[in-house]
Amino acid sequence: MKQIISNNPMIEDNIVIAEDTYKKNQKVKSVYNSGIFEKMVGDNKEKGEPPKILKDFFAGDIDLISGLENGKDRLEVGCGHGRLLKNLSEVSNKVVGIDFSEEQVKKALKQTSENINVNVELMNAENMNFKDDYFDEVLCLNCTLGNMPGIELRVLNEMKRVVKRGGRIIVRVFANNEKVRLAQHENYKRLGFTGIKDEGSAVITDEGFYSRRFSKDDLQKLFNDSGMEPDIREDGEGGFIVEAIK
Ligand SMILES: C[S@@+](CC[C@H](N)C(=O)[O-])C[C@H]1O[C@@H](n2cnc3c(N)ncnc32)[C@H](O)[C@@H]1O
């Protein structure tokens, strides 16, 4: 039976961040701790399924992974309950999944108990407990970067720090268009979230859920601010895949 092998002190112990940003991210964590995520992506069909554009977007993560080169050491940032870790395990030498939600990490550990090349660690993506230049590839899929209000650049900088020189960062996010925005509203309503509204290019809820969409310009700026030149590709109607080499 796998166990939580690192309980990295959370951000509050390590870095000073604006209180508002800190609170927003803690609320996101509490939503993920409530266990709603499996229903959000349709892994648990108790409350129906997501709208097609989102279902296709979620399935796109698996397509992306199936095209990865075999045998690399990979990190998945925000691995959730481990939906993608088994797929990553099949194409990788080693996989580490990190997440800051205790509940998600417990589930991911259970899901991957048979996958000997997978480790799951409780860790904040803003402040990772890995050496510099450690992984061949670092992935942040399923618009996880869109769940990180105000800390996107810090997380990207951390992803850059822990990937090897010449290694690749792969990010997959929701595209900022009306179809995705409406589908987000529909999906969160289906799940019973309250006070669903728009805040810039994010949809937020009274529970503190936050899910941001990105334009090509947003992504270009974010990666440039981190000192990288991104390759940004549209991925179906709902998303972008961004790749950058360190
Ligand atoms: C959209 S889910 C994606 C889960 C998984 N990658 C998948 O596709 O099924 C985002 C995950 O990122 C985690 N997360 C959000 N902010 C984080 C942070 N600052 N550090 C670590 N994990 C974070 C959440 O707890 C959640 O499990």
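For region 96-111, name all the residues that are surrounded by fewer than 23 Cβ atoms within 10 Å (Cβ to Cβ) and either assigned to a strand (DSSP E or B) or away from the ligand (no atom under 12 Å from the Cβ) (or both). Within region 96-111, just K110 meets the criteria. Figure legend. Inter-residue proximity from region 55-77: first residues under 18 Å from V242 (Cβ atoms), second residues assigned to a loop (DSSP other than H, G, I, E, B) and of a type in the set (S, T, N, Q), beta-carbon distance below 8 Å, spacing 6+ or different chains. Indicated pairs: F57/N142; F58/N142; D61/N142. The single condition from (1) modelled with pLDDT of 95 or more; (2) closer than 27 Å to K160 by Cα that Y32 fails is (1).
Only residues that are of a type in the set (D, E) and assigned to a strand (DSSP E or B) were counted across region 179-199, and they come to 2. State whether one or more residues within region 124-145 are in a helix (DSSP H, G or I), near the ligand (Cβ under 10 Å from one of its atoms), of a type outside the set (F, W, Y) and touching a Lys or Arg at 6+ places or on another chain (Cβ under 9 Å). Taking every residue of region 124-145 in turn, at least one turns out to be in a helix (DSSP H, G or I), near the ligand (Cβ under 10 Å from one of its atoms), of a type outside the set (F, W, Y) and touching a Lys or Arg at 6+ places or on another chain (Cβ under 9 Å).
For region 156-178, enumerate the residues that are in contact with an Asp or Glu (Cβ under 6 Å, 6 or more places away or on another chain) and in a helix (DSSP H, G or I). Scanning region 156-178 gives a single hit, R161. Against the numbered list (1) within 14 Å of the ligand (Cβ to nearest atom); (2) surrounded by fewer than 14 Cβ atoms within 10 Å (Cβ to Cβ), S66 comes up short only at (1). On inspection, N177 fails the criterion of being within 10 Å of the ligand (Cβ to nearest atom) and under 26 Å from I53 (Cα atoms).
Take V155 and tell me if it is surrounded by fewer than 17 Cβ atoms within 10 Å (Cβ to Cβ) and β-branched (V, I, T). Criteria not met by V155. Scoring E158 on the criteria (1) touching a Cys at 6+ places or on another chain (Cβ under 6 Å); (2) within 19 Å of R74 (Cα to Cα) leaves a single failure, condition (1). The lone criterion from (1) away from the ligand (no atom under 12 Å from the Cβ); (2) closer than 25 Å to F209 by Cβ; (3) not hydrophobic (A, V, I, L, M, F, W, C) left unmet by E90 is number (2).
Put simply, of R168, R213, R161, R233 the only residue that is surrounded by fewer than 17 Cβ atoms within 10 Å (Cβ to Cβ), in contact with a strand residue (DSSP E or B) (Cβ under 6 Å, 6 or more places away or on another chain) and at pLDDT 95 or above is R233.
Among the residues of region 75-86, is any over 20 Å from F174 (Cα atoms) and more than 13 Å from the ligand (Cβ to nearest atom)? No, there is no match, as no residue in region 75-86 is over 20 Å from F174 (Cα atoms) and more than 13 Å from the ligand (Cβ to nearest atom).
Selection over region 206-246 of residues that are touching a residue at least 24 places away in the same chain (Cβ under 8 Å), within 24 Å of K29 (Cβ to Cβ), in contact with a Gly (Cβ under 9 Å, 6 or more places away or on another chain) and not in a strand (DSSP E or B) gives a count of 2.
Scanning region 112-125 for residues that are buried (at least 21 other Cβ atoms within 10 Å of the Cβ) and either in contact (Cβ under 8 Å) with a residue 60 or more places away in the chain or over 23 Å from N33 (Cβ atoms) (or both) returns T112, V120, E121, L122, M123, N124.
For region 19-56, a residue qualifies if it is in a helix (DSSP H, G or I), touching a Lys or Arg at 6+ places or on another chain (Cβ under 7 Å) and within 13 Å of the ligand (Cβ to nearest atom), and exactly one does: K39.
The values are calculated or read from the model by the stated rules, or taken from the named source; none is laboratory data. Keep in mind it's a predicted model, so treat the numbers as computed, not measured. Glycine also receives a Cβ, built like all others from the backbone with ideal geometry; neighbour counts cover every protein chain displayed.
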